[in-house]
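A short worksheet on the structure shown next.
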Amino acid sequence: MRKFAMILVLLAVSVALFAGGSKAPPSGAPAASPAPAAAPAHRELTLYTPLSDTEIPTYFNAFEKETGIKINYVRLAAGEMLARVTAERANPQAALMFGGASDTYIAAHKEGLLEPYQSSERGNVPEQYRDAAGVWNPIYVGAICFAINKDWFAENKVAYPKSWEDLTKPEFKGQVSMAHPSSSGTSYTVLATILQLFPDRDKAWDYLKRLNANVRQYTRSGTAPPREVALGEAAIAITFSHDGLRPADEGYPIEIIFPSEGTGFEVGAMGLIKNGFAKEQDNARRFIDWFMSAKGQELYIDSKSNRLPVNIKAKVTPGLISLDKIAIVKYDAVWAGNNKNDFIKEFNEKVDNAANLKQ
């Protein structure tokens, strides 16, 4: 009997000790580690992007390291990206469009190619850069500039161009490099800027014809003109400031100038492809939220892309010029997006028909 009572006491003590072990640790003791985030059901994300091959590995590698999701991508100029998503609308082959000017996304939405989704980081983005329709998400801001080769100007003893009108001077014949607006989001922003800068539409097209006389050759991609200028193949590139500055970071004799009459700007964007790969939808939304966070936006510093983040909590690359220090036209991205097909058609008819594009 005494032995049985002893067993009961030992059992009671064991129960008490076990119960005590389930209580929170005393004050000052280290807290238990939180449970790890659930692994994604599918570990891949397929997307199209016009962003440079020199910068996208920074973003995609960081995302894979943090989430375990591998990104498969096809790099296309913005116009080609839109054309591909349009051609695949009955059977989409990707889940996300990533990068390129917002007018590309406005045009895509108009054609019913995007699935509306707004990031949880939307509140950290100034309203002027958001999509009022709540479809695409903004990721950066960039302004159109002239990227010039300082050595060329020194050797030829020619003054730097200060205005849009300066680009039509005879000394720049064959020295201006720009992409074609039919294939490049960058150059469509240039086209839309000129059309908004000149209230008289006839004067706008007249200017573009005079500029065309000095264009060396239209390229397919908006990132090609700064490379041509860096290599001395042209003196002036019409491009976004972040693309124009990139060769300077690599040691080339490049300087950027913003036109005195005013310039246009883009809001870079990303958006879900409607009816995109079903098993990748969660990963696509996760990427959107991740890239719009301060952590994701600060990767512009690591990538040396010179992009200006839209998240106000993110740090920016030292030396970046903000929009409040540049003469800006009243750029209407919605108007530009809604009229994109018509304006490109008119450019083909009146200025250059996009035949024999370079690169």
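Six or more apart or on different chains, Cβ under 7 Å: which pairs go from a residue in the range 191-212 that's closer than 19 Å to residue 327 by Cβ and touching a residue at least 60 places away in the same chain (Cβ under 8 Å) to one that's charged (D, E, K, R) and outside any helix (DSSP H, G or I)? Could you list them?
196/330; 196/332; 197/261
Out of (1) under 26 Å from residue 190 (Cα atoms); (2) in the same structural domain as residue 70 (by TED's automatic domain parsing); (3) small (Gly, Ala, Ser); (4) in contact with a Gly (Cβ under 9 Å, 6 or more places away or on another chain), the odd one out for residue 303 is which?
Going through (1) under 26 Å from residue 190 (Cα atoms); (2) in the same structural domain as residue 70 (by TED's automatic domain parsing); (3) small (Gly, Ala, Ser); (4) in contact with a Gly (Cβ under 9 Å, 6 or more places away or on another chain) one by one, residue 303 breaks only (4).
Checking residue 346 against (1) modelled with pLDDT under 95; (2) buried (at least 16 other Cβ atoms within 10 Å of the Cβ); (3) in a helix (DSSP H, G or I), which test does it fail?
(1)
Can you list the helices (runs of 4 or more DSSP H) found entirely within the range 179-269 that contain at least 2 residues being of a type in the set (Ser, Thr, Tyr)?
185-197
Given the conditions (1) modelled with pLDDT under 95; (2) part of a helix (DSSP H, G or I), and given that residue 283 satisfies all but one, which numbered condition is not satisfied?
Residue 283 satisfies all of (1) modelled with pLDDT under 95; (2) part of a helix (DSSP H, G or I) except (1).
Looking at (1) buried (at least 22 other Cβ atoms within 10 Å of the Cβ); (2) closer than 21 Å to residue 50 by Cβ, which one does residue 115 not meet, given that it meets all the others?
If we test residue 115 against (1) buried (at least 22 other Cβ atoms within 10 Å of the Cβ); (2) closer than 21 Å to residue 50 by Cβ, just (1) comes out false.
The values are calculated or read from the model by the stated rules, or taken from the named source; none is laboratory data. Not measured: the values here are computed from a predicted model. Please note: Cβ atoms are built from the backbone with ideal geometry, for glycine as well, and neighbour counts cover all protein chains shown.
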